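Q: Input: one structure, supplied below.
The values are calculated or read from the model by the stated rules, or taken from the named source; none is laboratory data. Computed from a predicted model, the values in this text were never measured in an experiment. Methodologically, a virtual Cβ is constructed for each residue, glycine included, from the backbone with ideal geometry; neighbour enumeration extends over all protein chains shown.
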Amino acid sequence: MRRPFLLLKSVDMNERTWTEVDAYVAERLAPRDADLEAAQLAAADAGLPAISVSPLQGKMLSLLATMTGARRILEIGTLGGYSTLWLAWALPIGGHILTLEADPKHAEVARANFRRAGLEAAIELRLGRALDTLPKLAAENPQPFDLFFIDANKDDIPDYFQWALKLGRKGSVIVVDNVVRGGNILDAGSADANVRGVRRFYDMLAKEPRVSATAIQTVGLKGYDGFALAVIV
Ligand code: SAH
Ligand code: DHB
Ligand code: MG
C-alpha cells in the first residue's frame with residue numbers, strides 16, 4: 001500500500017529539501033535569461049545583499065502581471081532590479097514600471113541592469129526614501145497602477161499599503177513580500193521593527209474593507225517566509 005503523502009519524508013523535510021525542490025522546479029519552469037543572470041551577477045559583484053526574490057518567485061510576479069493584464073506597475077524596493085526585470089517580462093508594449101529605491105548604490109546597479117536589458121524606456125527608477133517619493137508621485141495625479149510589489153523596509157509596510165490603496169483602482173493587485181519572516185511574526189511582543197511593521201499590516205488588512213486579501217507561507221531558496229496578496233474591491 002502507498003504511504004500517505006503527508007507521512008512520506010515528513011521527518012527529513014528541511015531547508016536542504018526545500019532548496020533542492022526549488023532548484024528542481026526552477027530548472028523546469030523558470031526560464032533562464034541572460035539579462036536576469038547578468039543582473040544577479042552585477043548585484044553580487046557590487047556587494048548588494050542577496051535578498052532578491054528567487055527565480056520562481058520572480059516568475060510568479062511575472063505571471064501575476066500577465067494575469068492582471070498590468071500595464072502600469074509600482075514597485076517599492078528595487079535592490080538590483082531583479083524582481084523589476086521579472087515584472088518587465090510581462091509588460092505589454094507601452095507598459096511601464098516605476099520602481100522606488102532609497103540606496104544610491106543599489107539604484108546605480110539597478111539602472112545598469114535595466115540598460116543592459118534594453119528596458120530603460122519601460123522602467124523608471126526614482127531614488128529616495130519611498131515615503132518621500134510617494135507623496136510627490138501622488139501629487140502628479142498619475143494614472144492608477146494595476147499592480148504593486150511592496151518589498152522595501154518592512155517597518156513601513158502599513159504606510160506603503162495605504163499609498164497603494166491611494167494609487168490603485170478597483171481591481172488593482174497588491175503583493176507584499178516577507179510577511180512571515182521565519183514565523184517571527186507570531187511574537188506579539190517583538191522589539192524588531194520589521195516584525196512589528198508586518199503585524200500592524202495584518203491588523204490593517206483585517207479591518208480594511210477596500211481589499212480582499214490572503215497570505216501564503218513559502219519555503220525554498222529563501223528559507224521560510226511568505227507573501228500577502230490583496231485585490232482592491
Ligand atoms: N525587490 C527586490 C528586492 C528588494 S530588497 C528584488 O526582489 O529583486 C529591499 C530594497 O529596499 C533594498 O534595496 C533597500 O535599499 C530598499 N529600501 C529600504 N528602505 C527603503 C525606503 N525607505 N525607501 C525605498 N527603498 C528602500
Ligand atoms: C530581507 C528583505 C527582503 O525583501 C527579503 O526578501 C528577504 C530579506 C531582509 O531585509 O532581511
Ligand atoms: Mg523581499
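Quick grid of which residues meet (1) in a helix (DSSP H, G or I); (2) within 14 Å of ligand 1 (Cβ to nearest atom); (3) under 19 Å from Arg199 (Cβ atoms):
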site	(1), (2), (3)
Glu120	no, no, no
Pro135	yes, yes, no
Asn141	no, no, no
Phe149	no, yes, no
Pro158	yes, yes, yes
Gly171	no, no, no
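Q: Evaluate the following for Leu85: is it in contact with a Phe, Trp or Tyr (Cβ under 8 Å, 6 or more places away or on another chain), modelled with pLDDT of 95 or more and under 23 Å from Pro55 (Cβ atoms)? Break it down stepwise before answering.
A: On the way: in contact with a Phe, Trp or Tyr (Cβ under 8 Å, 6 or more places away or on another chain): yes; modelled with pLDDT of 95 or more: yes; under 23 Å from Pro55 (Cβ atoms): yes.
Spelling it out, Leu85 is indeed in contact with a Phe, Trp or Tyr (Cβ under 8 Å, 6 or more places away or on another chain), modelled with pLDDT of 95 or more and under 23 Å from Pro55 (Cβ atoms).
Q: Of all residues being at negative phi and among the polar types (S, T, N, Q) in region 165-200, which is surrounded by the most Cβ atoms within 10 Å (Cβ to Cβ)? Just the residue, please.
A: To start, the set of residues in region 165-200 that are at negative phi comprises 165-170, 172-177, 179-180, 184-200.
From what's left, among the polar types (S, T, N, Q): 172, 184, 190, 194.
Working: Ser172: 22, Asn184: 15, Ser190: 15, Asn194: 17.
Selected residue: Ser172.
Yes or no, residue by residue, for (1) among the small types (Gly, Ala, Ser); (2) out of contact with any strand residue (DSSP E or B) (no Cβ under 6 Å at 6 or more places or on another chain):
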{"site": "Gly47", "(1), (2)": "yes, yes"}
{"site": "Pro55", "(1), (2)": "no, yes"}
{"site": "Gly58", "(1), (2)": "yes, yes"}
{"site": "Thr66", "(1), (2)": "no, yes"}
{"site": "Leu74", "(1), (2)": "no, no"}
{"site": "Leu79", "(1), (2)": "no, yes"}
{"site": "Leu85", "(1), (2)": "no, yes"}
{"site": "Ala90", "(1), (2)": "yes, yes"}
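Q: Out of the residues in region 201-227 that are over 18 Å from Gly77 (Cβ atoms) and basic (Lys, Arg), which is surrounded by the fewest Cβ atoms within 10 Å (Cβ to Cβ)?
A: Filtering region 201-227 for residues that are over 18 Å from Gly77 (Cβ atoms) and basic (Lys, Arg), the one surrounded by the fewest Cβ atoms within 10 Å (Cβ to Cβ) comes out as Lys207.
Q: Report, by residue number, each residue of region 196-223 that is among the aliphatic types (A, V, I, L, M) and in contact (Cβ under 8 Å) with a residue 40 or more places away in the chain. Write out each step before concluding.
A: Here is the first cut: in region 196-223, the ones among the aliphatic types (A, V, I, L, M) are 198, 204-206, 211, 213, 215-216, 219, 221.
Once the filter is applied, which keeps residues that are among the aliphatic types (A, V, I, L, M) and in contact (Cβ under 8 Å) with a residue 40 or more places away in the chain, region 196-223 yields Val198, Met204, Leu205, Val211, Val219, Leu221.
Q: A further question follows. For region 43-77, give me each residue that is near ligand 1 (Cβ under 8 Å from one of its atoms) and either of a type in the set (S, T, N, Q) or surrounded by fewer than 19 Cβ atoms within 10 Å (Cβ to Cβ) (or both).
A: Pro49, Ile51, Ser52, Gln57
Q: For Gln162, all conditions in the list (1) more than 9 Å from ligand 1 (Cβ to nearest atom); (2) surrounded by fewer than 16 Cβ atoms within 10 Å (Cβ to Cβ); (3) more than 18 Å from Ser212 (Cα to Cα) hold save one; what is the number of the exception?
A: Single failed check for Gln162: (3).
Each row is one residue, and each column tells you yes or no for (1) away from ligand 3 (no atom under 16 Å from the Cβ); (2) of a type outside the set (Phe, Trp, Tyr); (3) buried (at least 17 other Cβ atoms within 10 Å of the Cβ); (4) in contact (Cβ under 8 Å) with a residue 60 or more places away in the chain.
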| site | (1), (2), (3), (4) |
| --- | --- |
| Ala117 | yes, yes, yes, yes |
| Ala121 | yes, yes, no, no |
| Glu124 | yes, yes, no, no |
| Leu127 | yes, yes, no, no |
| Ala130 | no, yes, yes, no |
| Lys136 | yes, yes, no, no |
| Gln143 | yes, yes, no, yes |
| Phe148 | no, no, yes, yes |
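Q: What pairs can you find where one residue is in region 68-97 and assigned to a strand (DSSP E or B), the other is within 16 Å of ligand 2 (Cβ to nearest atom) and among the small types (Gly, Ala, Ser), and their Cβ atoms are less than 7 Å apart, with a gap of 6+ or different chains?
A: Glu75/Ser83; Ile76/Ala130; Ile76/Ala152
Q: In this structure, does Pro92 turn out to be modelled with pLDDT of 95 or more and within 14 Å of ligand 2 (Cβ to nearest atom)? So that I can check it myself, show each step before the final result.
A: Details: modelled with pLDDT of 95 or more: yes; within 14 Å of ligand 2 (Cβ to nearest atom): no.
Taking the combined requirement at face value, the residue does not satisfy it.
Q: Additional query: Anything in region 157-188 that is more than 15 Å from ligand 3 (Cβ to nearest atom), among the acidic types (Asp, Glu) and under 18 Å from the mean Cα position of the chain (by Cα)? List them, or say none.
A: Asp159
Q: Within region 180-191, is there a residue that is in contact with a helix residue (DSSP H, G or I) (Cβ under 7 Å, 6 or more places away or on another chain) and within 26 Å of Val231 (Cβ to Cβ)?
A: yes
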